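Colleague: Attaching a single structure in structure tokens format; questions to follow.
The values are calculated or read from the model by the stated rules, or taken from the named source; none is laboratory data. Note that the structure is predicted; figures quoted are calculated from it, not measured. Neighbour counts are summed over all protein chains in view; Cβ atoms, including those assigned to glycine, are modelled from backbone coordinates with ideal geometry.
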Amino acid sequence: MNVTILGAGAFGSALGEVLETNGHTVKFYDPIKYPDIQLGDTLTAAEALIMAVPSHAVKKLLPNLPKDLPLIMTTKGFLSLSPFKDFSGFAVMSGGTFAADLLAKHPTTITGTSQVAKELFTNNWLTVEYSDDTRGVLICGSLKNIYAIGAGLKNLDRHTPEFNNYAGNVLSELYQILEANRCNQATANKSCGITDLIITSTPASRNFTFGRELAKNPNLTLRDVSVTTEGLFAAHNINNTPDFKKPSDTPILDEVLDRLKPLLQGEDDAA
């Protein structure tokens, strides 16, 4: 299959490696990494699209994409399907893996919400577990980044009882959030939920390291954030997504949002 990957960062590039290993033809659109390649050039003959750009770039791209092709979202931060309602083949792929794991071909499971995603990426070391809960997978993939910031704020070590207690409480909150948004609570048990939370709550994750840095420097501003921290985008979207429902009894999420409030206020002022 001819696949266009939007975004040639670490994760998008790793996905491209998987697709080529599986026998697919890949084109990349990335105006920073490949400034001479136009979007239209990469869409010629495309049969599927993979969205792997930073979250802030998604809405700029959507109006320029064909609506009748499968669009598989790997970008985190969104809490609603509304921005993607015009895409007839929209799906989400999310799970507990880093780009390095994919490149090293470590046995990995991710969650995908379409058969196209499963067919494209499944091989003898990468399993795509199917879910029909597209919004639930989207929500889990986004919120786990906020919770990973929380783990960083507490500087938790995932090999300790303290982290196990934290992860268990987060899982309980995810159940509530999924139910409030008419999603399947069991989605939180999949790779896109608890597994992704565990690997994202480590120093290998920029969300975790951002949280740890914020704990050291409470006066941190967005200008001090040198890389994309998708948990910030997701936190901003909690209060800016009309159809997202946040239950009242989510103390961990509330604590992290409260710590992020000064940074998010600065983002709103800048906008």
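Colleague: Please specify each residue of segment 152-181 satisfying the condition of being in contact (Cβ under 8 Å) with a residue 40 or more places away in the chain and outside any helix (DSSP H, G or I).
Modeller: LYS154, ASN155, LEU156, ARG158, ASN181
Colleague: Only one of these conditions is not met by ILE139: (1) under 16 Å from MET73 (Cβ atoms); (2) touching a Ser or Thr at 6+ places or on another chain (Cβ under 6 Å); (3) of a type in the set (A, V, I, L, M). Which number is it?
Modeller: It is condition (2) that ILE139 fails.
Colleague: Looking at ASP68, is it in the same structural domain as PHE84 (by TED's automatic domain parsing), acidic (Asp, Glu) and over 23 Å from ALA234 (Cα atoms)?
Modeller: In short, yes.
Colleague: Yes or no: LYS118 of a type outside the set (Phe, Trp, Tyr), within 23 Å of VAL92 (Cβ to Cβ), in contact (Cβ under 8 Å) with a residue 12 or more places away in the chain and in the same structural domain as ILE72 (by TED's automatic domain parsing)?
Modeller: The answer is yes for LYS118.
Colleague: Right, here's the next one. Name the pairs whose Cβ atoms lie under 7 Å apart, with the first residue in segment 52-64 and assigned by TED's automatic domain parsing to the domain that holds LYS76, the second in a loop (DSSP other than H, G, I, E, B) and basic (Lys, Arg), and 6 or more positions between them or separate chains?
Modeller: Within 7 Å, the pairs are SER55/LYS76.
Colleague: For segment 223-239, check the following and say yes or no: at least one residue is farther than 27 Å from PHE98 by Cα and either β-branched (Val, Ile, Thr) or in the same structural domain as PHE163 (by TED's automatic domain parsing) (or both).
Modeller: yes
Colleague: Further question: Hey, among ALA52, ALA10, ALA14, ALA45, which residue is within 19 Å of the chain's Cα centre (by Cα), exposed (fewer than 15 other Cβ atoms within 10 Å of the Cβ) and not β-branched (Val, Ile, Thr)?
Modeller: Result of the check over ALA52, ALA10, ALA14, ALA45: ALA10.
Colleague: State yes or no: is GLU129 touching a strand residue (DSSP E or B) at 6+ places or on another chain (Cβ under 8 Å) and either assigned by TED's automatic domain parsing to the domain that holds ASP243 or in contact (Cβ under 8 Å) with a residue 12 or more places away in the chain (or both)?
Modeller: yes
Colleague: Residue under question is THR97, and the condition is that it be assigned by TED's automatic domain parsing to the domain that holds MET73, within 16 Å of ILE198 (Cα to Cα) and surrounded by fewer than 16 Cβ atoms within 10 Å (Cβ to Cβ); does it hold?
Modeller: Taking the combined requirement at face value, the residue does not satisfy it.
Colleague: Exactly one of (1) closer than 21 Å to LEU79 by Cβ; (2) at pLDDT 95 or above; (3) surrounded by fewer than 19 Cβ atoms within 10 Å (Cβ to Cβ) is unmet by LYS190. Its number?
Modeller: Condition (3) is where LYS190 drops out.
Colleague: Output the residue which, of all residues in segment 202-244 that are part of a loop (DSSP other than H, G, I, E, B) and within 14 Å of the chain's Cα centre (by Cα), is modelled with the lowest pLDDT.
Modeller: Only one residue fits best here, namely THR228.
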